[in-house]
Number of protein chains: 2
Amino acid sequence: MTATTRTTDTPAAAEPDWLRLDRQICFSLHAASRAFNGVYRVVLKDLGLTYPQYLVMLVLWERGDLPVKQLGEHLRLDSGTLSPLVKRLEAAGLVRRERSAEDERSVRVRLTGEGTTLRERAREVPRRIVAATGFDPAEIADLRDRLDQLTDTLDAAAVAAAAG
Amino acid sequence: MTATTRTTDTPAAAEPDWLRLDRQICFSLHAASRAFNGVYRVVLKDLGLTYPQYLVMLVLWERGDLPVKQLGEHLRLDSGTLSPLVKRLEAAGLVRRERSAEDERSVRVRLTGEGTTLRERAREVPRRIVAATGFDPAEIADLRDRLDQLTDTLDAAAVAAAAG
DNA sequence: CACAATTAAGTTGTGCACAATCGAATCACC
DNA sequence: GGTGATTCGATTGTGCACAACTTAATTGTG
């Protein structure tokens, strides 16, 4: 019943492990990313934030008011993603967007009182997320380091592949 | 460690490392997932496939024709994602959708000749992806295992949190 | 000063993820 | 055999990611 009839004549031996590993790692990373998203969706529901919106708020809480440009640099997101996202945060009353006086091309994202206050209610979030992973801090730190390394290498490879 | 001027009165001691780790791991996973997507975008361009479309084709190449339902189980995706995706594959001439005779609720996704042939051109993809990661197969296998474990734990936690 | 190049946001269009909902087919149970 | 529950898929609506393009402000150079 598991046996769907193989239409191809390709024996398993023709596809070595490392060929299949690729599928595994892309499956796994994709699935892990979405699983994380799912946990954040549940945990952030009370705050009325999505996962990317929470990331933006984290940066603002930590760094203070920032232009959209710098927000994008911290999060590696472009204006096509950030513009509507920040507008939704503004509609929710958490931030205001203000044209800079010195450089009128720039829009500064400023926390409102409500946005600042939300930080208090968000304090429980990290603890709940860490608990949900079932990993201890050392394991998380190790995984994070590997993922960061992977990201750097992949970014460089994508640039090289696009250029070459 | 506190390079930025803290506007809050919260001393660093009140926010232990593991509180900040959360942000790191969510940043890292998010970034790694998008970086992977970027590499696949470049590598799959020639084939005219997106990353999720490639995942669907991988399943079909390996398992043969499948109903949408089982496709979703393999990929952990629901019909809201798969229906339009499969239609785009059909529009590209790679698959056909056929209502099952035994159970008319079910739609079977069948590879066309063109869809089957595409597998040959896709053979180079895994090698290029593995190369782009800069990891050797053992490291990839280890990372994959951790991510799978993480996904399982997170899925369970999301269900538990939603229920409780 | 004038004008080309650059930069910051925003807009448009495509595609993915997922919740909620619906219609049709099937199944279970009386 | 009829009726309620379940299953499959499709659809709708919201939000994110990113490429390509537009607009407006700024900078650099003659």
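Could you give the angle, 0 to 90 degrees to the nearest 10, between helix A:17-44's Cα long axis and the longest principal axis of the Cα atoms of chain A?
Roughly 30 degrees between the two axes.
Sum up the charges of everything whose Cβ sits under 12 Å from the Cβ of residue A:97, counting Lys and Arg as +1 and Asp and Glu as -1, but leave residue A:97 out.
Around residue A:97, the charge tally is +3.
Can you send over the carbon and sulfur percentage of the accessible area for chain B, probe radius 1.4 Å, protein chains only?
Here it works out to 50 percent.
If you fit an axis through the alpha-carbon atoms of helix B:124-133 and take the longest principal axis of the Cα set of chain B, what angle between them do you get, 0 to 90°, nearest 10?
Here the helix axis deviates by roughly 0 degrees.
Can you list the copy-to-copy distances for residue B:97, using a point 7 angstrom from Cα toward Cβ, in nanometres, shortest first?
3.6
List the accessible area buried at the contact between A and B, summed over both sides and calculated with a 1.4 Å probe, in Å² to the nearest 100.
On the way: alone 12210 and 11910 Å², together 17420 Å².
Result for this pair: about 6700 Å² buried.
Near residue A:108, within a Cβ-to-Cβ distance under 14 Å, what is the net charge of the other residues, with Lys and Arg +1 and Asp and Glu -1?
Working: positive: A:63, A:69, A:96, A:97, A:99, A:105, A:110; negative: A:65, A:90, A:98, A:102, A:103, A:104.
Within the 14 Å Cβ shell, the charges total +1.
How many Cβ atoms of partner chains, on average, are near each residue of A:53-59 if near means within 10 Å of its Cβ? Write out the running numbers ahead of the final one.
Details: counts 0, 2, 4, 0, 0, 5, 2.
Mean shielding count: 2.
What do you get for the angle between helix A:113-122 and the principal long axis of chain A? Use alpha-carbon atoms, 0 to 90 degrees, nearest ten.
Around 40 degrees separate the two axes.
Just flag the GluC sites (Glu not before Pro) in the range B:92-133 sitting in loop per DSSP whose Cβ has no more than 10 other Cβ atoms within 10 Å.
Passing both the DSSP loop test and the Cβ count: B:102, B:104.
How many Å² of accessible area per residue for the protein assembly as shown, probe 1.4 Å?
53
How far is residue B:139 from the same spot in each other copy, in nm, shortest first, if each label point sits 7 Å from Cα toward Cβ?
Copy-to-copy label distances for residue B:139: 2.2 nm.
Using a cut-off of 20 Å between alpha-carbon atoms, which lysines can reach residue A:69, once sequence neighbours fewer than 8 places away in the same chain are excluded?
A:87
Need one value for B:132-139: mean number of C-beta atoms belonging to other chains within 10 Å of its residues' C-beta atoms.
5
Return the distance in nm (one decimal) between the two label points of a simple spin-label model at residue A:105 and residue B:91, each offset 7 Å from Cα along Cα→Cβ.
Calculated label separation equals 3.6 nm.
Which distances, in nm and shortest first, link the residue A:48 label point to the same label point in every other copy, taking 7 Å along Cα→Cβ?
Distances between equivalent label points, in nm: 4.6.
Could you work out the relative contact order of the range A:41-122? I mean the mean sequence separation of Cα pairs under 8 Å and 6+ apart, divided by the number of residues, in percent.
The normalised contact order for the range A:41-122 reaches 28 percent.
The values are calculated or read from the model by the stated rules, or taken from the named source; none is laboratory data. Since the structure is predicted, the reported quantities are computational estimates derived from the model, not experimental observations. Glycine also receives a Cβ, built like all others from the backbone with ideal geometry; neighbour counts cover every protein chain displayed. Protein only, heavy atoms only, side chains kept; ligands, DNA and RNA dropped before computing areas. Shrake-Rupley method; radii C 1.70, N 1.55, O 1.52, S 1.80 Å.
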